[in-house]
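Q: Have a look at this one.
The values are calculated or read from the model by the stated rules, or taken from the named source; none is laboratory data. Model, not experiment: these values are computed from the prediction. Every residue, glycine among them, receives a Cβ derived from its backbone with ideal geometry; neighbour counts consider all protein chains shown. Areas reflect the complete protein model, heavy atoms only, side chains present, ligands, DNA and RNA absent. Shrake-Rupley method; radii C 1.70, N 1.55, O 1.52, S 1.80 Å.
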2 protein chains.
Amino acid sequence: MGLRRVLEPAGVLPQAAWRLDASPEIAADEVRIAVRRLNLDAASFRQLAEKHGGDGAKVRAEVAGIIETRGKMHNPVTGSGGMLIGVVEEVGSESPLGLKPGDRVATLVSLTLTPLRITDGLQQWDGKSEQIPAEGTAILFGRSVVGVLPEDLEPELALAVYDVCGAPALTDRIVREYDGEVTVAVLGGAGKSGSLSLAAARLAGARTTAIVRDETEAAAVRQGGLADAVAVADARNPVAVAEAVGEPVTITVVCVDVPGCEHGAILATAPGGTVIFFSMATSFPAAALGAEGLAADVTMLIGNGFVPGHAEFAVDLVRRVPAVRQLFESRVAGH
Amino acid sequence: MGLRRVLEPAGVLPQAAWRLDASPEIAADEVRIAVRRLNLDAASFRQLAEKHGGDGAKVRAEVAGIIETRGKMHNPVTGSGGMLIGVVEEVGSESPLGLKPGDRVATLVSLTLTPLRITDGLQQWDGKSEQIPAEGTAILFGRSVVGVLPEDLEPELALAVYDVCGAPALTDRIVREYDGEVTVAVLGGAGKSGSLSLAAARLAGARTTAIVRDETEAAAVRQGGLADAVAVADARNPVAVAEAVGEPVTITVVCVDVPGCEHGAILATAPGGTVIFFSMATSFPAAALGAEGLAADVTMLIGNGFVPGHAEFAVDLVRRVPAVRQLFESRVAGH
């Protein structure tokens with residue numbers, strides 16, 4: 001679990017630590033990766049970009065400073081990280097991960113718990129997108145989760161898919177737990193995790209509604225046939241969300257990376273239904289107290305980024321649903 | 001839903017609002033309560049007491065200031081509130097709550113969404129406990145949840161029970177969703193929500209383990225026979241919690257109102273199991289990223305404070321389990 005890498009405070013796991021030891025020498029159960037690219041969590045990048053008014057040089061300096069200070073890319077404001085891709089450099093004799101030097105891999109655990117050292121000062125990055133070309137080293141523990149990159153997808157595309165691969169896998173599981181007709185609304189249906197969740201819900205047999213923020217996004221979702229229905233609403237406005245969804249749904253999936261989407265999701269969900277929160281901007285008290293205040297008998301799930309087989313499941317969706325692949329490709333190209 | 005009481009920002013529900021209109025004049029679907037007592041959320045009171053080094057006068061001044069500024073008791077740091085008891089003063093002609101003037105009631109929705117005006121400056125309160133004798137008015141909306149106080153329990157006792165009544169009801173529901181032998185660990189098993197959750201889990205057929213912070217609490221739980229097993233561990237130390245629980249359990253219930261308990265709860269839970277987070281100090285990103293980082297296939301629930309029938313269910317537990325009643329009575333008397 002990487003306990004030996006925790007510098008402070010003592011006794012916590014690497015994710016909860018303020019500072020990790022990112023030195024490149026590995027223990028017997030560890031693996032060292034030569035870093036090629038970081039992919040910041042969307043909520044984290046948004047916070048940094050807004051803080052610095054879009055000034056890329058300042059964003060870059062702050063990210064480099066966080067990594068230097070904490071030994072990991074763990075945004076202290078949002079609490080979130082991201083992922084990375086790289087090439088396996090050295091494998092400890094007792095590593096259970098089944099890797100060998102030269103493997104091209106993506107980490108499927110958060111950067112918030114991955115010891116990371118940057119050696120190029122992030123000089124290849126303009127600070128204006130979530131994807132950061134970078135040089136340095138990262139460490140995997142015995143209990144890490146890692147995916148070998150698929151041959152048929154560009155590494156940047158695979159990284160973008162892996163970054164959100166927990167969402168479609170969990171959506172699939174929850175849809176299948178309900179009997180009879182299941183309806184699913186996805187807040188942020190035009191985004192990465194949103195489009196994958198829509199595709200997963202439909203393939204699991206649900207009728208789907210995408211809630212998106214403007215007509216441009218609505219047109220994209222309609223053109224790709226990603227959902228059975230599309231509506232425009234500000235996800236932070238509970239009444240607007242409830243009106244856009246119409247008849248309350250069995251399952252609402254929150255994929256909008258801005259604060260304040262808890263109450264709309266709860267209002268949109270039928271009694272006995274489930275809200276799955278995937279946005280790292282979700283407020284625990286706002287969700288808990290909001291449901292109580294609305295007397296809403298809904299199950300609220302913290303979107304777990306790990307579901308067995310999630311990476312393969314998400315890559316399979318990208319291969320099977322052209323509109324999803326197209327959306328990811330344009331997102332990656334747009335950066 | 002109380003939308004007309006929201007002063008700023010516009011368009012959000014009362015819980016998410018910065019400021020509410022707490023004026024005592026009621027609309028047709030509202031009810032006005034003459035306030036008798038407030039019960040602060042444990043996480044909120046702890047934060048205030050620690051901030052002011054236990055100086056009761058400063059705590060009192062800050063609580064009075066929050067209510068004056070926000071029109072509700074909504075701790076801006078913890079995001080949590082509490083509950084209140086009072087007497088119904090006036091019932092709007094279209095209120096669906098079935099109340100009449102003179103009814104002694106407790107609000108079962110959070111103070112974070114309850115318009116509140118205090119008229120005695122909280123002068124009867126020493127600032128040293130969660131229970132605040134107070135005079136003033138509070139407003140209920142059409143969709144509020146309210147409980148008429150039971151005749152056989154002291155109002156202070158009923159309020160303390162109602163404050164945490166979502167926990168045992170949801171624990172009961174989740175235990176019954178699993179087939180076969182179910183094991184339940186409760187972090188903070190010697191507290192209010194913890195002891196009720198232990199009692200609910202056992203009555204639903206589970207084998208229970210209480211995790212408590214010291215030998216004094218362990219002795220109290222043992223003496224009352226509240227759990228099948230008792231162990232002492234710091235809930236913020238994941239490795240210590242996992243060792244105290246031993247064989248990973250089906251369900252872990254988190255009732256410890258301090259930050260940093262997410263990872264221990266995840267480690268203590270078996271694959272396919274469920275973690276129910278009831279503490280308002282729970283961090284959404286720490287839970288989501290922690291489970292991912294540990295490759296833990298567990299379901300993580302945001303403890304919804306509303307489950308139909310939750311108040312009656314909790315009061316029934318207090319009546320049926322003498323050790324729970326004794327614990328609540330000593331907690332109330334201790335303040």
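Q: Of the residues that make up the range B:183-190, is at least one farther than 24 Å from A:L301 by Cα, part of a loop (DSSP other than H, G, I, E, B), touching a residue at least 40 places away in the same chain (Cβ under 8 Å) and within 23 Å of the chain's Cα centre (by Cα)?
A: Looking for residues that are farther than 24 Å from A:L301 by Cα, part of a loop (DSSP other than H, G, I, E, B), touching a residue at least 40 places away in the same chain (Cβ under 8 Å) and within 23 Å of the chain's Cα centre (by Cα), one finds at least one in the range B:183-190, hence yes.
Q: Related question: Where the second residue is of a type in the set (D, E) and the first is within 26 Å of A:A169 (Cβ to Cβ) and lies in the range A:202-226, which pairs have Cβ atoms under 8 Å and are six or more apart or on separate chains?
A: From residues that are within 26 Å of A:A169 (Cβ to Cβ), the pairs are A:R202/A:D228; A:L203/A:D172; A:A204/A:D172; A:R207/A:E181; A:R207/A:D228; A:T208/A:D228; A:T209/A:D228; A:R213/A:D234.
Q: Evaluate the range A:18-37: report whether one residue or more is closer than 21 Å to A:D257 by Cβ and either modelled with pLDDT of 95 or more or in a strand (DSSP E or B) (or both).
A: Checked the range A:18-37: at least one residue is closer than 21 Å to A:D257 by Cβ and either modelled with pLDDT of 95 or more or in a strand (DSSP E or B) (or both).
Let's see how each residue does on (1) farther than 21 Å from B:A34 by Cα; (2) among the β-branched types (V, I, T); (3) open to solvent by less than 10 Å² (accessible area, probe 1.4 Å); (4) touching a Ser or Thr at 6+ places or on another chain (Cβ under 7 Å):
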site: B:Q123; (1), (2), (3), (4): no, no, no, no
site: B:V146; (1), (2), (3), (4): no, yes, no, yes
site: B:D152; (1), (2), (3), (4): yes, no, no, no
site: B:V161; (1), (2), (3), (4): no, yes, yes, no
site: B:G166; (1), (2), (3), (4): yes, no, yes, no
site: B:V212; (1), (2), (3), (4): yes, yes, yes, no
site: B:T216; (1), (2), (3), (4): yes, yes, no, no
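Q: Related question: Please go through the range B:78-91 and pick out each residue that is open to solvent by 10 Å² or more (accessible area, probe 1.4 Å) and not in a strand (DSSP E or B).
A: B:T78, B:G79
Q: Report yes if A:V253 is at pLDDT 95 or above and either part of a helix (DSSP H, G or I) or in contact with a strand residue (DSSP E or B) (Cβ under 8 Å, 6 or more places away or on another chain) (or both), otherwise no.
A: yes
Q: A further question on this structure: Given B:A16, B:A64, B:A27, B:A34, which one is under 19 Å from B:V109 (Cβ atoms), among the aliphatic types (A, V, I, L, M) and either within 14 Å of chain A (Cβ to nearest Cβ) or without any contact (Cβ under 8 Å) to a residue 60 or more places away in the chain (or both)?
A: Exactly one residue qualifies, and that residue is B:A16.
Q: Restricting attention to the range A:297-317, which residues are open to solvent by 10 Å² or more (accessible area, probe 1.4 Å), facing chain B (nearest Cβ under 7 Å) and among the small types (G, A, S)?
A: Within the range A:297-317, A:G305 is the sole residue that qualifies.
Q: Pull up the range A:99-113, narrow it to residues that are over 13 Å from A:D29 (Cβ atoms) and part of a loop (DSSP other than H, G, I, E, B), then point me to the one that is most open to solvent (accessible area, probe 1.4 Å).
A: Among those residues, the one meeting the criterion is A:K100.
Q: Out of all the residues in the range A:288-316, which are outside any strand (DSSP E or B) and over 18 Å from the mean Cα position of the chain (by Cα)?
A: Taking the range A:288-316 first, the residues outside any strand (DSSP E or B) are A:288-298, A:303-316.
Result: A:A288, A:L289, A:G290, A:A291, A:E292, A:G293, A:L294, A:A295, A:A296, A:D297, A:V298.
Q: I need the full set of residues from the range A:260-287 which are assigned to a helix (DSSP H, G or I) and in contact (Cβ under 8 Å) with a residue 24 or more places away in the chain, in order please.
A: Matches in the range A:260-287: A:E262, A:H263, A:G264, A:A265, A:I266, A:L267, A:A286, A:A287.
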